[in-house]
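Note sheet for the following structure.
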Amino acid sequence: MPELPEVETVVRGLRAALSGRTITGLRLGKTDFIADVTRLEAGLPGATIEEVRRFGKFIGLRLAAPHGTNGSRPASWLLVHLGMTGQFVVCRPDSPVRPHTHVWLALDDARELRYTDIRRFGKMRLVDAEELPAFLGRLGTEPLEVPFEAFCAALSRRAKIKALLLDQRVFRGLGNIYTDESLWRSRIHPRRLGGRLKPSECRALYAAVRRVLADAIRLRGSSISDFVDSAGSPGDYQRRHRAYGREGKPCYRCGAEIRRILVAGRSSYFCPRCQPAPRGRLRRRARARTR
């Protein structure tokens, strides 16, 4: 699933390509991932794209309507979540249409913005500008913007650190890849309880999250299966993975074999030597061996 770096990569490409462009037409294929098809059909044609932003894993296009009440230009936001296999690509209208393309937005510069999604786990909805704060209120803070003290406070709970980092109500945008990479860099086991992290460990994790995300954005995200940017090009950060997807391979730091376990229902990759298991779990294993 595209995470913060991948979505940020798409947003930066869309911002460069779409700012100031007007949507001249809309064509839809399958629509089961669209919250309100009628609202989309009524609100997109004729609207001008004023801004492109990222909200966690959501892409946001700020739209100005062509005509408003008493000459005003009421704003709205097109919110898009890429799900697991979604792609948002700007191309020429005569470019080959990829299978599972479901949305075509014609632009006033004779290009198209196409949304493709094989599994259709993505989401698309149009909301009025005044509805946006309530929508964002359900999400946590941006991990690249949260101060250190607030970061530590958010993790001070009796829950596994991997589950806390994945919870979009805590931090918006983090996912499986970059939590594993951050925990590996900070030498923290994914089953450690957030509330039991030492101040030094919390600081190490804070620095690791920011570094991993910044590096992944610089390298345009990780292309493991379906991810491409707004121009259809893959990312490069998958070449820098140190834990995620490396089960059975040697740790880059100590040479121990990377292992995989389930945490919060997700595969979690870690080094058993660099990221020691919680003490309680080690004691339980020792007692089990002596029985």
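Taking the residues in region 256-268 that are at pLDDT 95 or above and in contact with a Leu (Cβ under 9 Å, 6 or more places away or on another chain) as candidates, determine which candidate is surrounded by the fewest Cβ atoms within 10 Å (Cβ to Cβ).
Val263
In region 35-67, how many residues are over 29 Å from Val146 (Cβ atoms) and buried (at least 19 other Cβ atoms within 10 Å of the Cβ)?
Total meeting the criteria: 4.
Across region 188-204, which residue is surrounded by the fewest Cβ atoms within 10 Å (Cβ to Cβ) among those that are part of a loop (DSSP other than H, G, I, E, B) and either aliphatic (A, V, I, L, M) or touching a Cys at 6+ places or on another chain (Cβ under 9 Å) (or both)?
Here the residue is Leu197.
Is there a residue being out of contact with any Gly (no Cβ under 7 Å at 6 or more places or on another chain), modelled with pLDDT under 95 and under 26 Å from Ser182 (Cβ atoms) anywhere in region 61-84?
There is at least one residue in region 61-84 that is out of contact with any Gly (no Cβ under 7 Å at 6 or more places or on another chain), modelled with pLDDT under 95 and under 26 Å from Ser182 (Cβ atoms).
Restricted to region 95-130, and to residues that are closer than 17 Å to Ile23 by Cα and touching an Asp or Glu at 6+ places or on another chain (Cβ under 8 Å), which residue is surrounded by the fewest Cβ atoms within 10 Å (Cβ to Cβ)?
Per the criteria, the residue is Trp104.
May I ask you to list pairs of residues, at least six apart or on different chains, whose Cβ atoms are under 6 Å apart, with the first in region 233-255 being at pLDDT 95 or above and the second being among the charged types (D, E, K, R) and part of a loop (DSSP other than H, G, I, E, B)?
Final answer for the pair search is Tyr252/Arg242; Cys254/Arg273.
The values are calculated or read from the model by the stated rules, or taken from the named source; none is laboratory data. Remember, it's a predicted structure, so these values are computed and weren't measured experimentally. Methodologically, a virtual Cβ is constructed for each residue, glycine included, from the backbone with ideal geometry; neighbour enumeration extends over all protein chains shown.
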